[in-house]
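I have placed the structure first, in the form of structure tokens, so that the comments after it can refer back to it.
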Amino acid sequence: MRARKMNKWHFLAVAAALCCGAVNAADLASGAEAVTSSVAVAPAGPVTLQEYLRLVVQNQPTLAADRMQTALAKADSKSASAFPNPAVHYTSKRGEKEWGVDQPIPIFGQRGMRMENAKLGEKAAAANVDVAVAVTMSDAAHAFNELLVAQQRYKVWQGAQDELNKAGYIVKGQIEAGTRSRYDGARLNLQQAQMSMQVRKAQAALKDAASRVASIAALPQWQVTVDGSLQASDLRHAPAYGPLWETAQTRLPVLRAAQAELERARQKIKLEQREALPTPTFGVARIRNGVDGSFNQVGVNVEIPLFDRRQGGIDRAKVEADQAELRRDAAVLAAQSELQRSLQQLQLRRSAVRDYEKEGLAQIAPLHQMAQDAYKLGKGTILELIDALGSITEHRLEHLELVKDMLDAEWEVRLASGDLPQVQP
């Protein structure tokens, strides 16, 4: 019986809220949808950077909490648009009764100023959410690049292990033919054991990078694999600072947030000046007197700003506006420096990859062939063969490190110019 009464009163409360406009059907539907929404499903195949960033934005609980700041700002807008509540009074004494209502009316535009300030608060909240999204995207992109390179690094070690095993057949054949001693076989077995250890270490690093990528996407059980290009783009199509900065001024979330905070701070000065004006209270009362009978009484109550003219609030708002302007200027300078730095780094990283591919990787295939031929013909030792194979692996790994730096530099340019993927939560 108690549960039935509670459900009944809950139903009546919701119905009353709907009638009064405090809760609408859309809000109830969205709330029900949020409760009954299923858990995000991890993709089965490899994902690109765009697909991964979409998963991060959709699944990150921290970003979901940050997005609620816009809902809080909208709630503040509702509070700012509301009129002051009336006050009802009733008094009774011997021979007289009085009842009436008093209504404060902001006739000097205070309500309009509050609404405008609240709207600017919504704009600032949305910009700050974009800043949080950009920061999370940056962390996710770096983790994505690390996993992309870790996958290729593991393949390099596996390829090196295969090449060493193939060399093992050559060494075994030479030993069986009597042209080589058993020392070569023992030395090769030791190198194969070390290579197996390196492969396991590369696999562990790959698993660790994949776990970080899955964790950022809020899918801890996801066996993630990523797909992307490891090739350096053409240097002739490198972006220039001037055009990028022209677009970055309007696209960078940090600049839009700083500008929104400045506009709100300046608007707050006008609000405080308007709030300093008194708000009159108009009252209407009905009086019943045993001698004079019944009559109405109308009155006005106005605060006299004699001692407190709210000058402190106005001065504080002016200082906050000055602070917001300095922060905006600092954000602009920092954004210009970051864009310039990221462009320089991108150019250097791309040049390093191009030069290494041209001068270093081009020599790998001839070196590998010469090392095998020299050993087969008896002109090279087992140590020279192992050293050649190790040098090839080292060069490939160094190339991957350069590629990783280039990928990070490419993302930093996108981040510094505001060229972020448009991903809807």
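General remarks:
- Lone qualifier among Leu271, Leu219 - being open to solvent by less than 70 Å² (accessible area, probe 1.4 Å), touching a residue at least 60 places away in the same chain (Cβ under 8 Å), closer than 29 Å to Val332 by Cα and hydrophobic (A, V, I, L, M, F, W, C): Leu271
- Residue in the stretch 78-100 that is under 31 Å from the mean Cα position of the chain (by Cα) and open to solvent by 30 Å² or more (accessible area, probe 1.4 Å) present: yes
- Being open to solvent by 90 Å² or more (accessible area, probe 1.4 Å) and within 53 Å of the chain's Cα centre (by Cα) is a condition met by at least one residue of the stretch 292-302.
- Condition met for Gly173 (part of a loop (DSSP other than H, G, I, E, B) and surrounded by fewer than 21 Cβ atoms within 10 Å (Cβ to Cβ)): no
- Some residue of the stretch 31-46 being out of contact with any Leu (no Cβ under 6 Å at 6 or more places or on another chain), open to solvent by 50 Å² or more (accessible area, probe 1.4 Å) and at pLDDT 90 or above: yes
- In the stretch 193-211, the residues that are closer than 19 Å to Ile392 by Cβ and either among the acidic types (Asp, Glu) or open to solvent by less than 50 Å² (accessible area, probe 1.4 Å) (or both): Met195, Ser196, Val199, Ala202
- Residue within the stretch 342-355 that is closer than 30 Å to Leu252 by Cβ, of a type in the set (Lys, Arg), modelled with pLDDT of 70 or more and within 30 Å of the chain's Cα centre (by Cα) present: yes
- Residue check, Thr225 under 29 Å from Ala352 (Cβ atoms) and not charged (D, E, K, R): yes
- Per the listing Arg256, Arg264, Arg288, the residue uniquely in contact with a strand residue (DSSP E or B) (Cβ under 8 Å, 6 or more places away or on another chain), open to solvent by 80 Å² or more (accessible area, probe 1.4 Å) and not in a loop (DSSP other than H, G, I, E, B) is Arg288.
- Every pair of residues 6+ apart whose Cβ atoms lie under 7 Å, when the first sits in the stretch 105-132 and is free of Cβ contacts under 8 Å to residues at least 60 places away in the same chain while the second is open to solvent by less than 20 Å² (accessible area, probe 1.4 Å) and part of a helix (DSSP H, G or I): Met115/Ser77; Met115/Ala80; Ala118/Ser77; Ala118/Ala80; Lys119/Ser77; Glu122/Ala73; Glu122/Ser77; Ala125/Ala73
The values are calculated or read from the model by the stated rules, or taken from the named source; none is laboratory data. Since the structure is predicted, the reported quantities are computational estimates derived from the model, not experimental observations. Positions of Cβ are generated from backbone atoms using ideal geometry, with glycine treated the same way; all protein chains shown enter the neighbour counts. Ligands, DNA and RNA are stripped out before the accessible areas are found, and what is left, the full protein with its side chains, is counted by its heavy atoms. Shrake-Rupley method; radii C 1.70, N 1.55, O 1.52, S 1.80 Å.
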